[in-house]
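Asker: Quick one: this structure, given as structure tokens, is what I'll be asking you about.
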Amino acid sequence: MKLAILGSGFIARFYADALVGQRRKDEITIVYSRTLENAKKFADDYKVPHYTDSIKECVSHKEVDAVIIGLSNDMHLESVIAAAEAGKHVLCTKPLGRNAKEAYQMLQAVEKANVTGGYLEDLVYSPKSLKSMATIQSGAIGEVIWAKSRETHPGPHSDWFWDKEKSGGGAIIDLGCHCVELCRNYIGKNVKPVEVMCWADTRVHPIDAEDNAVALVKYENGAIGQFEVSWSFRGGMDLREEVMGTEGTIWTNNFLRTGFEMFTSGKGGNYIAEKAESNSGWLFPVGDEVNELGYNHMFTDMFDAIDNKKQPLENFYDGYVVNAILDAAFVSAKSKKWEPVQIDDWRGVAQKKVQGVAALW
Ligand SMILES: NC(=O)c1ccc[n+]([C@@H]2O[C@H](COP(=O)([O-])OP(=O)(O)OC[C@H]3O[C@@H](n4cnc5c(N)ncnc54)[C@H](O)[C@@H]3O)[C@@H](O)[C@H]2O)c1
């Protein structure tokens, strides 16, 4: 696959680490960044032959098969439309939109252009998530009645996240999108989410958006998806899931307590893990972060889907449903009531499309 990357920040570098790692044959052909200086730095670091400060030039590059979007949330819609209009497959980071309306426009853009729209929800592709999903699909824990997902850390690294206009919200949109989609995969993507009850508050940071939230998402079969998110949790990044079924239970811990503990006086000052708050004392590194966070399996599924003209496990329709659930959470946080999930285009087809979770694993 020949790839264009939009963005040269945190996630673009994570993606590039996965894309050019482990003798992959895929190539990053061109990178876009707002300044040529940043684009060139990224190109030099990852041996990318072309770089530009024009989105149009990047997505239209004649050699490129697929465009990967790693820009701030306010740039997703415009970038998806540009890539789709250039006839390229589009893989967009999370959250797909700042709201369901934007996400739906993106879904329509890829469908109109007849290109693949891959939703880069990496945590669904972590080895632990894939194994959990395959286990659930085999019936090993019976019917899932309650799936809970937690993502908390001290707060994001770039200014735009804290600006509600650019991000679309606070911890709910930034972290809740991961949790909602993990729970959907555990409960079953063909089960319609119907209503949401959410508490959210701004407790710590001087921002308009929420920095803490808890929500319950009710599904039409009675299952509950629960998310807990925070931008003020201290001590690193806490990523955990619990799935409760009629015949069994799954607990996963993706960060902080992965069975890898290390002590250092801090003399070396090395990178420990994403959002780690300290590089001395007792530390909890992650062995291979790119793999443990799902990036390798995610890109493999995306490129296989493009090659085989199939939908990837995580696609733009999923991104749209996630945004619709989060929209209801924002309304509920204000009304303090259960609020309906508005999905005008319910397809209920995701599970039919989702073949091969076990094969992926
Ligand atoms: N696990 C994940 O999947 C994950 C993790 C982190 C971030 N993300 C997502 O990746 C996206 C980028 O986040 P990040 O952490 O890389 O942020 P970042 O601030 O590190 O990088 C953002 C990039 O967007 C560019 N950008 C910002 N505003 C722009 C504008 N107005 N016009 C053009 N370019 C602009 C910046 O120059 C930079 O290249 C967000 O949508 C975020 O939610 C996903």
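Coordinate-derived values only; no laboratory data. What you are looking at is a predicted structure, and each value in this text was computed from that prediction instead of being measured. Cβ: placed from backbone, ideal geometry, glycine included. Neighbour counts: every protein chain shown.
Asker: Looking at the chain as a GNM with Cα springs under 10 Å, which of 308, 73, 296 has the largest mean-square fluctuation?
Answerer: 308
Asker: How about segment 128-206: which trypsin sites (Lys or Arg not before Pro) there lie in a loop by DSSP and see at most 12 other Cβ atoms within 10 Å? Each step should come with its number before you reach the end.
Answerer: Working: sites: 128, 131, 148, 150, 164, 166, 184, 189, 203; in loops: 189, 203.
Sites meeting the loop and neighbour criteria: 203.
Asker: Here is a further query. Which cross-chain or sequence-distant (5 or more) residues have an amide H under 5 Å from the amide H of residue 310, H modelled 1.01 Å from N in plane?
Answerer: Close amide H contacts, sequence-distant or interchain: none at all.
Asker: How many times 2.2 N^0.38 Å is the alpha carbon radius of gyration of the chain?
Answerer: Cα-based Rg divided by the globular estimate yields 0.95.
Asker: Right, another one. For residue 147, what charge total do you get from the other residues with a beta carbon under 10 Å from its beta carbon, if Lys and Arg give +1 and Asp and Glu give -1?
Answerer: Residues close to residue 147 contribute a combined charge of 0.
Asker: Would you mind computing the Rg to Rh ratio of segment 161-280 from its alpha-carbon coordinates, Kirkwood style for Rh?
Answerer: 1.04
Asker: Then there is this: Using the Kirkwood radius over C-alpha pairs as Rh, can you work out the diffusion coefficient of segment 2-94 via Stokes-Einstein at 25 °C, viscosity 0.890 mPa s, in µm² per second?
Answerer: Translational D for this selection: 194 µm²/s.
Asker: Here's another thing I want to ask about it. Which residues make up the longest stretch of the chain that has no GluC sites (Glu not before Pro) in a DSSP loop with at most 16 other Cβ atoms within 10 Å?
Answerer: Values: sites that count: 63, 143, 220, 247, 261, 274, 277.
Here the longest segment lacking exposed loop sites spans 278-361.
Asker: Two decimals, Cα atoms only, Kirkwood Rh: what is Rg/Rh over segment 114-182?
Answerer: Numbers: Rg = 15.5 Å, Rh = 14.5 Å.
A ratio of 1.07.
Asker: Just name one of 246, 229, 262: the one whose Cα is farthest towards the positive end of the charge dipole of segment 224-266 (beta-carbon charges, Lys/Arg +1, Asp/Glu -1).
Answerer: 262
Asker: Select from segment 1-41 those trypsin sites (Lys or Arg not before Pro) which occupy a DSSP coil region and have at most 14 other Cβ atoms within 10 Å, ordered by residue number.
Answerer: Sparse-neighbourhood loop trypsin sites (Lys or Arg not before Pro): 23, 24, 25, 34.
Asker: Within the chain, what percent of beta bridges assigned by DSSP are antiparallel, to the nearest 5?
Answerer: Beta bridges within the chain, antiparallel portion: roughly 55 percent.
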